[in-house]
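Computed from the coordinates by the stated procedures, all read-outs in this text should not be read as laboratory data. These numbers come from a predicted model, not from an experiment. Neighbour counts are summed over all protein chains in view; Cβ atoms, including those assigned to glycine, are modelled from backbone coordinates with ideal geometry.
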Amino acid sequence: MTILVAPESAATPSQPRTQQRNYLTDGYSVRSWLLTTDHKRIAILYLLSITFFFLLGGAAVIVVRLDLMTPQADLVQSETYNKLFTAHGVIMVFFFLIPSIPAVLGNFLVPLMVGARDLAFPRLNLLSWYVYMLGELFTLYALLAGGVDTGWTFYAPYSSTYSNTYVMATAVGIFITGFSSILTGLNFIVTIHKMRAPGLTWFRLPLFIWALYATSIIMVLGTPVLAITLLLVGMERLLGIGIFDPRLGGDPILFQHLFWFYSHPAVYIMILPSMGVVSEIIPCYCRKRPFGYAFIGFSSVAIAVFSFLVWGHHLFVSGQSIYAGMVFSMLSYLVAIPSAVKVFNWTASLHKGSISFDTPMLYALGFVGLFTMGGLTGLFVAALAVDVHVHDTYFIVAHFHYIMVGGAVMGYLGGIHFWWPKMTGRIYPEGWARLSAILIFVGFNLTFFPQYILGYLGMPRRYHVYPPEFQVLNVMSSAGASILGMGYFFPLTYLSWSLYFGKRASPNPWRATGLEWQTSSPPPTENFSETPVVLDEAYDYHRFDSLAATEGGGK
Amino acid sequence: MIGETPTPTVSALAHQFDDLTQQNEADDLGMWLFLSTELMFFGGLFLAYTVYRRQDEATFAAASQELDLFWGTLNTAILLTSSLTVALATHAAESRQRQQLIGLLTATIGLGSLFVSIKFMEYHQKYVHGLMPLGGLPFHWDGPSPAHAALFFDLYFLMTGVHALHMLIGLVILLVLLVKAIRGGLLGDHAAPVRVTGLYWHFVDVVWVFLFPMLYLIGAR
Amino acid sequence: MMSSKRSEVPVYAAIYVVLLVLLALTVEAARHDLGELNLVITLSIAAAKAILIVLFFMHVRHSTSLVKLVIAAALLWLAILFALAFADYATRPWDLIIGGMGNNSA
């Protein structure tokens, strides 16, 4: 965005002194990490914790995919299978995807991108990590003690009355973790409103900030409804109140209304930040201002608002009134508008750009394709009649994995690669990174595309025995999962390797615009040696490149 | 700003902010965002209440008669008074009146504790009268549809219970503030914690302002 | 935030008196059977009390427009929750048939 930082600070990054002192070298003790209020260190704490949970959730699904290789129940029993897919869902949704980009990249980048010294409430930020860890402990306890078998959706009255697994501990864990999400969202909103550098108007903000702002709205206004829902489930288990139990006059569909009021927008908590990441990556790797900046920005906010109007499309076959079904079906199509606006704008941004296929760009392009497929199949299931056919089948499983894995995780990995030099001061090995990006794309499609077909043919989700004619597609899916797993394993390895052996990164290795690239890599604790002043539009790559050319090549 | 009297050694300005106006506005905005979270949290309960009241208004009205209007009204008055004292406490803190601040915080804590005590006394009455359908306790209801009456009392205990929990949290925070005030803090530029806690306390009051008619006043007496 | 504080105390006192009067009114109204009107009166008075507390005790009349926006957004979201949940509850056909027929909904 060709931000003209005060001239002397633009020169500082090349000086060796600033290379030495940064947020990573500012104290090495465990205490200096566990009691830090530095948003960058808290981001690293989150990175480590969510990576751990990603591996755990992945481990659960390895067993699931292995078991699905054959039509019979030969690896695990039904109860174990139920607990495995529940563990996979609970962990991946609440402990990996929801905190992934906001808590790691968002925590790291929001203050840097708005030119602030820290988030508005640094201690609250640290608290949110501890709250997350506390919730994690409860959930870990539930998993180790014997697991939960309700599915990640906790449908009542099974969860509130009948299941004899560790529903309580898991619900408490998710309840607590919700507060971490609320605190993060609150912190972002206040920071984006109140801490922007001089000259950084709303329409000069990076689109990543717009996306995180929209995400934060959902976190702040949606999460409390999940909290009260889980509280009601817990009270029903503990005290036998009858809010959701039809035996006691309660209404199980009320649970679904309350649960999906949060959990549908929660999908956008996962996908919006990825959209933000993609909106950063694409301009950088086609050296061009994104097409329709304001449309991309406002479509994020529109998605955040619309996401709260559509939850009833999860209830089409639950006994919800048919008239409500019609309303929710129509409203669901509304979300397609801002989503399509984004996809069209990203695609149009590529037009006449000088595109290079570096790793983050591979992820970003993968995101656009996979998100489009996930989104389009979302239109299928938002249609009342089609949903009756595919409800609770593998079609749904494939659909939301295209959004949550093909979309959200691709964006997360793209973002991690894009900002890895900024976070660690090291460059990752490009060859390996491209290889793994391609592996992930291929593996992902091989895993989940067959599931569309399986679902359309009628294989229900959450069963581990199935008619033999489904075996071929299931074996394909499991084979794809092994490739996907390998694709995830590579970044884990070479990124760790690069911490010690990677090439040292310059302040701006990708020649990207944006304030975070104006400070050294890794940034100093106080982020900027002096408060930057923003004088120009966002993503002015054209001017950035011509300036670099006249100066005889910047970096 | 108008600072003359004992200048505290610690600066009121945190390192991430440029000036006090920015910090104060950030604090207020943060608290209001938190309160909007709280509104949605209670919103779920209000929705459940509305759904079940709509299903059988007569039973809800009949069950509501079992609540003690006298204590409910008194508690509302107590809470409204505590809202006044906490608003005055914010004023005292910002205008650097230490003695008044201490007095008003103490009054707020006293009123809040009184509210919670009366609430628990009411819970006890309900328990004695067999109107506490929690945890398998005996529930006696002579009118029609006892299951729906039980739902009313479930919601009564849930809503007032969650509200009382918020009161208790508020009381703990107020106690911390009181200690700080006694030590000479929270005055002038340092008044933000009092102001922000005041917002929280008022919010809890507003929730009660709706709980009171929904639980105690539905249906004519 | 810190401006013109001297004039606030009498305002607080006046608002407090009004709140108590409203409380007396709502309790008195509940003693009379006015049919549907009872609910309307009692909720209107509650809303009036809430608005007074928010505007005066919580200083929203002096707040930044941003704070007002946050409040408006929270109320809008609450309205969405109620409106769309009642898109279901208000149109369920078996409400008309009433009785223990809920289990053939599938």
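Distance from the C-alpha centroid of region A:106-179 to that of region A:361-403: 26 Å, rounded to the whole angstrom. Listed values for region A:170-183 are Karplus-derived 3J(HN,Hα) couplings in whole Hz (6.51 cos²θ - 1.76 cosθ + 1.60, θ = phi - 60°), namely 5, 4, 4, x, 6, 4, 5, 4, x, 5, 4, 5, 4, 5, and x replaces Gly and Pro.
Scanning residues 5 or more positions from A:Arg426 or on other chains, those with amide H under 5 Å from its amide H are A:Ala505, with H placed 1.01 Å from N in the peptide plane. Close amide H pairs (under 5 Å, H built 1.01 Å from N) link A:Asp540 with A:Thr2, residues at least 5 positions away or on another chain. Ordered by the count of other Cβ atoms within 10 Å of each Cβ, fewest first, C:His32, B:His190, B:His148 give C:His32, B:His190, B:His148. The Cα center of region A:215-230 and the Cα center of region B:65-99 differ in position by 29 Å. When both region A:474-540 and region A:300-317 are represented by their alpha-carbon centers, they are found 32 Å apart. Using the Cβ-Cβ distance between B:Leu175 and A:Thr550 with R0 = 56 Å, the FRET efficiency computed as 1/(1 + (r/R0)^6) comes to roughly 0.30. For region B:44-113, the relative contact order works out to 29 percent when only alpha carbon pairs closer than 8 Å and six or more residues apart are counted.
Sequentially through region B:208-216, phi angles give Karplus couplings (6.51, -1.76, 1.60; θ = phi - 60°) of 5, 4, 8, 4, 4, x, 5, 9, 9 Hz, Gly and Pro residues having no value and appearing as x. Residues B:Phe17, A:Phe418, A:Phe367, ranked from the fewest to the most other C-beta atoms within 10 Å, line up as B:Phe17, A:Phe418, A:Phe367.
When the Cα atoms of chain A are aligned to their principal axes, the ranges along those axes come out at 73, 46, 45 Å in descending order. Take each residue in A:187-195, count the other chain C-beta atoms within 10 Å of its C-beta, and the mean is 5. Ordered by the count of other Cβ atoms within 10 Å of each Cβ, fewest first, A:Thr80, B:Thr59, A:Thr229 give A:Thr80, B:Thr59, A:Thr229. Between helix A:471-501 and chain A there is an angle of about 30 degrees, using the helix long axis and the longest principal axis of the Cα atoms. Averaged over peptide C:60-67, the number of partner chain Cβ atoms lying within 10 Å of each residue's Cβ comes to 3.
Per residue of A:216-227, other chain Cβ atoms within 10 Å of the residue Cβ number 5 on average. Compared with the dominant principal axis of the Cα atoms in chain A, helix A:122-145 is inclined by about 30°. Rg over Rh for region C:1-62 works out to 1.13, both radii taken from alpha-carbon positions and Rh defined as the Kirkwood radius. Against chain A, whose longest principal axis is taken from its Cα atoms, helix A:410-424 shows a tilt of about 40°. Lysine pair count for chain A with Cα-Cα distance under 28 Å and sequence separation of 8 or more or different chains is 17.
Given an 8 Å cut-off on Cα distances and at least 6 residues of separation, report the relative contact order of region C:1-62 as a percent.
40
Per-residue ellipticity at 222 nm, computed for chain A from helices alone with -39500 (n - 2.57) per DSSP H run of at least four residues, works out to -21500 deg cm²/dmol. Straight-line reach from C:Lys49: taking Cα to Cα under 20 Å and skipping same-chain neighbours fewer than 8 places apart, the lysines in range are C:Lys68. Normalising the average separation of contacting C-alpha pairs (under 8 angstrom, six or more residues apart) by the number of residues puts the relative contact order of chain A at 22 percent.
Derived scalar couplings between HN and Hα for region A:155-166 equal 4, 8, x, 4, 5, 8, 10, 9, 4, 9, 9, 7 Hz in order, rounded to whole Hz, by the Karplus curve 6.51 cos²θ - 1.76 cosθ + 1.60 (θ = phi - 60°), x for Gly and Pro.
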